[in-house]
Amino acid sequence: MELRRDARSGELQYRRKATGTKDETAGAEDDNRATLRVGVNLVEVNCMVLRADGTPVRDLRREDFRLLEDGVPQIAEHFDASSEAASVALVMDASPSVLRDIGEMKAAARTLARELDDQDEVAVVSFDTDAYLLLSFSSDRAALEKAIERVNVARGPTSKRGSNIYEAMYLVAQELFRGRKGRKAIVLLTDGQDSGLGLDWSAESAQPRVGDASGRLTFEDVTRALASAGVEVEAVSTRPRPKAMTDEWLAEHRSEMLVATKARELEMPHYTLYLAELVRRAGGQIYFLRELETLSAIYRRIAENLRVQYTLGYYPSAKTGKRGWRMLQVEVPGRTGVHVVHRVTYYVAGTP
């Protein structure tokens, strides 16, 4: 891929390579140029409405919801109660440091395929230092089975021992989800230890460097791409859950950057915090494989969540030309004892 940062806006612009791309690399499509840009396009917000016991509320209509952007009420022009097909990209870390049991991973992927609705379309991507597109979005379950079987830890030259997690996620957002509507999700399996972006405890490591025109990909660029495309991330970490990273802690910090001094003092690894930060910005949930559930059970839960989602789409009524992050809020005013799970932010790249 070819990246260039606009000197005026600071936005990363993405250009597909016209020649020399690998057949199985995320990036081998027809369009030769794509720029990360949203402007006043339809903003889609996927959400679940849950009762106190965690069971979903399924009988809601468009008029039951209240949607706000930066505190300003918005009009939902589009509404779907999980009747339209979902687009789900299964993105699997195939670096040797992660996959202790390739059989368990493949069995879990098959479980996800069985649990999804027949109309849902699934894509399969594996990655180490490179990203490999094994299946474009398809509802053909036989093709999906073949793609899952092709996931191989030993893929590529033996010297390729890295794990470029966030580069793979960026490519998936740019290549696979561009132009797709409705419910969109990435199911990511990884240990969170990225080799490519140089992330550390410094907030500057996640941001573009001032005056850097080299097109270096950053964590900020990745989250902007996912948020702009409206793709939620269901991340499954193969590492143990940090003791302090409870669901309650994540909920309390859902409106602020997770990689911070206080989290470091609580002995949370920064690579796990970046994975949780990716989920916080894109929406979705982080799971930990080494807890009580098996990987297949986690994938089954993810499929169940996708089946009970509502999708609200709106055209922003305020500050549509101004670049930056927007805060989202979804409420169901007429229902007591329920809470809404949704992404809390999205990104507007603005106009060049």
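Worth pointing out:
- Every condition in (1) in the same structural domain as P240 (by TED's automatic domain parsing); (2) assigned to a helix (DSSP H, G or I) is met by S136 except one, and the failing one is (2).
- Residue under evaluation Y287, criteria (1) touching a strand residue (DSSP E or B) at 6+ places or on another chain (Cβ under 6 Å); (2) part of a helix (DSSP H, G or I), criterion not met: (2)
- The number of residues in the stretch 121-163 being polar (S, T, N, Q), surrounded by 23 or more Cβ atoms within 10 Å (Cβ to Cβ) and either more than 15 Å from A94 (Cβ to Cβ) or modelled with pLDDT under 90 (or both) comes to 1.
Yes/no matrix, rows are residues, columns are (1) part of a helix (DSSP H, G or I); (2) within 20 Å of M1 (Cα to Cα); (3) at pLDDT 95 or above:
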residue	(1), (2), (3)
R178	no, yes, no
E204	yes, no, no
A213	no, yes, no
L217	no, yes, no
R224	yes, yes, no
S255	no, no, no
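- Considering each residue of the stretch 280-289 in turn, none proves to be among the aliphatic types (A, V, I, L, M), more than 20 Å from the chain's Cα centre (by Cα) and not assigned by TED's automatic domain parsing to the domain that holds E69.
- Segments classed as strands (runs of 3 or more DSSP E), wholly inside the stretch 1-120, with at least 3 members that are surrounded by 13 or more Cβ atoms within 10 Å (Cβ to Cβ), at pLDDT below 90 and not aromatic (F, W, Y): 2-5, 12-15
- Restricting attention to the stretch 297-324, the residues that are in a strand (DSSP E or B) and at pLDDT 90 or above add up to 5.
- Among the residues examined, A303 does not qualify as exposed (fewer than 15 other Cβ atoms within 10 Å of the Cβ) and of a type outside the set (D, E).
- For Y166: the one exception among (1) farther than 18 Å from L275 by Cα; (2) modelled with pLDDT of 95 or more: (1)
- The listed residue being under 30 Å from Q119 (Cα atoms), in contact (Cβ under 8 Å) with a residue 60 or more places away in the chain and assigned by TED's automatic domain parsing to the domain that holds I148, out of L217, L189: L189
The values are calculated or read from the model by the stated rules, or taken from the named source; none is laboratory data. Predicted model only: the values in this text are computed from it and were never measured. Counting neighbours? That spans all protein chains shown, and the Cβs are built from the backbone with ideal geometry, glycine included.
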